[in-house]
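Please read the structure below before turning to the comments.
The values are calculated or read from the model by the stated rules, or taken from the named source; none is laboratory data. Predicted model only: the values in this text are computed from it and were never measured. Note: ideal-geometry Cβ built from the backbone for every residue, glycine included; neighbour counts use all protein chains shown.
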């Protein structure tokens, strides 16, 4: 699954179309041209250095400036060696100096915003290579990179199928080398990283044994190449898993999955690109949690009286105790309405048609003319991170390629009780929200607008380095827009489910900051999610694992959603009766994912 900026955007007159590029003011046209040329060189060079990222971006060929040779990046697997990572560290150090020679203050508004995106991204990368060093302490980095490298060429159509499969097989042949490099560089790891890496590595084996094999046409000469490469790659994957459990897992270390306050505070600043502090995010989230529970209670009381007339309204209880009893009973009844475990993907796909029509009828936002969204099972090697769902946009350099809405099926080995817990969490009403968030009018529509930014260098930059709070905040904000517009016939079951999901976004901020910097225990985290936010045990356990695997990403939902609403309300007040919601959304999305306050400045 992580872009924005510029000057005034002309108002749209046709609801089905958008204008992807608007020229802003200029401080120095020569400085702007110099910066854009420099940023293009930087982006292409950084992608060529990590070929799996290049595939995701749709950057397939790179001319080596040293040799003049053209490199087919989709046929190359990443370099995981210590020397390779040191090269990457030096690369970012050198480029930071080069960009400093063209100061932000000398640039026009669009270029200045792009400059800041690059500077923050370089700062993040240097934090990683020099201090956090996940590549030396978290094996999921290598495991997920390999899985993505093998999977992506199968799903896009940048070349004929036989050519793309040949690229995959070339990468498959390099798997033993890459895993040996990973073993050499990894020093130690927290148990949660070892556990998830092994699970995702099993997904890589499944990818090789089934997905790649099935992609090879019958009678193709590529079958012989697969037969030679696959056993060696599978043996290497299995040996790596054995090494994870028998060697890496037993190494003593004083490191844990907790990032710690100093590093977290700095990362928070660069990821969210905000002047707010983690402590302020927690305070805001805790206040919002109380408000949202009160809103839910007002929606729940009529339903409770209808469904549980013999329970009274539990007036003998007070405060949060009463809220907990009433809300839990209502939410339990709502969660009875869920699809069978084998029909999760089909249920999600069926919701798309009605959502799409509602967006058109209510002029929420302009839809993409490309219609390239596909609902597919989450790739097995990514299910440790995407335990429920996710979105993978079309590559910015190939906007007509397939965009993917990943939905994670419930494995047949999952016990019935645990599967039921997940299905009750993702009941009919929550699945509607999920599709709104991940697909339409959430991430898919936002990404489609971003993939129309011009010039191409700016489009690539903002898609690669985009602001996470803009991205996740949009998906949260637009779900509330749909509620306010009357989606699902204003059914209170959907409205209360949406607020329950908002509680989850609010809790994300509290969890991330407190787990990473304040010593929050697993039980305290589970209690917050289950007792105050009404999440099922399965959902809470999955979120706890995710919070340990990542840092500074979970606050983007709450922080970003609030930023979008603050922007919207100020803009609406300024334009009064001339405010047009569809035009506002199209204009804001046309900038791509820059920090929301930057978009607001550029749209004045």
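Things worth noting here:
- Residue satisfying condition, being modelled with pLDDT under 95 and buried (at least 22 other Cβ atoms within 10 Å of the Cβ), within set 152, 107: 152
- When 166, 229, 242, 189 are checked against the criterion of being modelled with pLDDT of 95 or more, out of contact with any strand residue (DSSP E or B) (no Cβ under 7 Å at 6 or more places or on another chain), buried (at least 17 other Cβ atoms within 10 Å of the Cβ) and under 26 Å from residue 549 (Cβ atoms), a single residue qualifies: 189.
- Residue 574 being over 25 Å from the mean Cα position of the chain (by Cα), farther than 29 Å from residue 511 by Cβ and either outside the structural domain of residue 121 (by TED's automatic domain parsing) or modelled with pLDDT of 95 or more (or both): yes
- Scanning segment 199-214 for residues being under 26 Å from residue 516 (Cα atoms) and surrounded by 22 or more Cβ atoms within 10 Å (Cβ to Cβ) gives a total of 2.
- Answer residue from segment 245-255, given it is in contact with a helix residue (DSSP H, G or I) (Cβ under 9 Å, 6 or more places away or on another chain) and at pLDDT 95 or above and is surrounded by the most Cβ atoms within 10 Å (Cβ to Cβ) among those: 248
- Lone unmet requirement of (1) assigned to a helix (DSSP H, G or I); (2) buried (at least 20 other Cβ atoms within 10 Å of the Cβ) for residue 527: (2)
- Residue that is surrounded by the most Cβ atoms within 10 Å (Cβ to Cβ), among those in segment 530-540 that are modelled with pLDDT of 95 or more and part of a helix (DSSP H, G or I): 532
- Residue selected from segment 55-67 under the condition out of contact with any strand residue (DSSP E or B) (no Cβ under 7 Å at 6 or more places or on another chain) and not in a loop (DSSP other than H, G, I, E, B), by the criterion surrounded by the most Cβ atoms within 10 Å (Cβ to Cβ): 55
- A single entry from 584, 591, 579 fulfils the requirement of being within 30 Å of residue 265 (Cα to Cα) and assigned by TED's automatic domain parsing to the domain that holds residue 468: 591.
- Within this structure, residue 451 fails the test of being within 29 Å of residue 263 (Cβ to Cβ) and within 20 Å of the chain's Cα centre (by Cα).
- For residue 262, the conditions (1) outside the structural domain of residue 209 (by TED's automatic domain parsing); (2) touching a helix residue (DSSP H, G or I) at 6+ places or on another chain (Cβ under 7 Å); (3) under 30 Å from residue 140 (Cα atoms); (4) assigned to a helix (DSSP H, G or I) are fulfilled apart from (2).
- Out of 583, 543, sole residue that is modelled with pLDDT of 95 or more and in a helix (DSSP H, G or I): 583
- Total residues in segment 265-313, condition under 23 Å from the mean Cα position of the chain (by Cα) and surrounded by fewer than 14 Cβ atoms within 10 Å (Cβ to Cβ): 2
- Taken residue by residue, segment 139-148 has no member that is at negative phi and in contact with a strand residue (DSSP E or B) (Cβ under 8 Å, 6 or more places away or on another chain).
- Figure legend. Inter-residue proximity from segment 213-233: first residues in the same structural domain as residue 168 (by TED's automatic domain parsing), second residues outside any loop (DSSP other than H, G, I, E, B) and modelled with pLDDT under 95, beta-carbon distance below 6 Å, spacing 6+ or different chains. Indicated pairs: 215/154.
- Candidates 337, 321, 371, 351 - the one that is out of contact with any strand residue (DSSP E or B) (no Cβ under 7 Å at 6 or more places or on another chain), assigned to a helix (DSSP H, G or I) and loosely packed, with under 15 Cβ neighbours inside 10 Å: 321
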